[in-house]
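Read the structure below first, then the notes.
The values are calculated or read from the model by the stated rules, or taken from the named source; none is laboratory data. Computed from a predicted structure; not experimentally measured. Every residue, glycine as well, gets a Cβ built from its backbone with ideal geometry; the counts of neighbours run over all protein chains shown.
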Amino acid sequence: MRLLPVIIADASPLIGLAKIGRLALLKNLYQHILIPPAVYAELQAGSLRPGGAELQQALMEGWLETVDYAAIPAAEVSELKERLDPGEAEAIALALHLPADLLLIDEQRGRVIAQQKGVRIIGTGIVLVTAKRRGHIGNVRAELDALFRCGYRLSAALREQLAAMAGE
């Protein structure tokens, strides 16, 4: 019997949350996040960007953990890499293989493919809404605006929808 849910993350939500100083929300909400090697490589490549130190700290603390390549079915990854970047492909394949309770992914094409394969997904916006509901942050709109200022692509309609979900 598992005590903690299996949460797998793609790089974009991790990077976005780290850039605005909110990566620890994932630890507070889910305790443990798994990432495939390609996501780890993306995080390492950006270790000097804003949020890079926070990502490295999470990896050192162990609540953000890289899964070995052997845990990811190569055939599934190859098929997914034809349509997605390596991090998204490996994250979806890992979510299918474990199986995961949730896949944290924001890129639209990856979300659609994951859902078609039966993977339950959440995005950064839902993480923020959940964090507000549990008292970890006070205002979702402010966090979404911070993400947007950092270059995170969020449509005005999505920002409004998430703020409404948060009661703002």
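Observations
- Cβ-Cβ contacts under 7 Å between residues 6 or more apart (or on different chains), taken from a first residue in region 15-36 that is under 27 Å from Val77 (Cα atoms) to a second residue that is modelled with pLDDT of 95 or more and of a type in the set (Ser, Thr, Tyr), are listed as Gly16/Thr124; Leu17/Thr124.
- Some residue of region 67-78 being at pLDDT below 90 and either acidic (Asp, Glu) or closer than 23 Å to Arg149 by Cα (or both): yes
- Which listed residue is touching a Lys or Arg at 6+ places or on another chain (Cβ under 7 Å) and either closer than 28 Å to Pro36 by Cα or surrounded by 13 or more Cβ atoms within 10 Å (Cβ to Cβ) (or both), from Glu79, Glu168: Glu168
- Taken over region 69-80, the criterion of being not in a loop (DSSP other than H, G, I, E, B) and not polar (S, T, N, Q) is satisfied by Tyr69, Ala70, Ala71, Ala74, Ala75, Glu76, Val77, Glu79, Leu80.
- Scanning region 81-101 for residues that are in a loop (DSSP other than H, G, I, E, B), over 22 Å from Leu29 (Cβ atoms) and among the charged types (D, E, K, R) returns Glu82, Arg83, Asp85.
- Subset tally (residues that are buried (at least 22 other Cβ atoms within 10 Å of the Cβ), under 16 Å from Pro37 (Cα atoms) and either among the hydroxyl-bearing types (Ser, Thr, Tyr) or at pLDDT below 95 (or both)) for region 93-112: 3
- Residue ID - surrounded by the fewest Cβ atoms within 10 Å (Cβ to Cβ), chosen from residues in region 140-165 that are closer than 17 Å to Pro50 by Cβ and of a type in the set (Gly, Ala, Ser): Gly151
- Filter result for Tyr30 (surrounded by fewer than 22 Cβ atoms within 10 Å (Cβ to Cβ), of a type in the set (Ser, Thr, Tyr) and in contact with a strand residue (DSSP E or B) (Cβ under 7 Å, 6 or more places away or on another chain)): yes
- Residue check for Ile137: closer than 18 Å to Ala11 by Cβ, modelled with pLDDT of 90 or more and surrounded by fewer than 22 Cβ atoms within 10 Å (Cβ to Cβ): no
- Verdict on Arg159 being of a type in the set (Lys, Arg), under 18 Å from the mean Cα position of the chain (by Cα) and within 26 Å of Pro5 (Cα to Cα): no
- Near pairs, Cβ below 7 angstrom, 6+ apart or cross-chain, from region 102-115 (in a helix (DSSP H, G or I)) to any residue that is basic (Lys, Arg): Arg109/Arg83; Ile113/Arg83
- Among the residues of region 34-49, at least one is in contact with an Asp or Glu (Cβ under 8 Å, 6 or more places away or on another chain), among the hydrophobic types (A, V, I, L, M, F, W, C) and either surrounded by fewer than 17 Cβ atoms within 10 Å (Cβ to Cβ) or farther than 23 Å from Arg153 by Cβ (or both).
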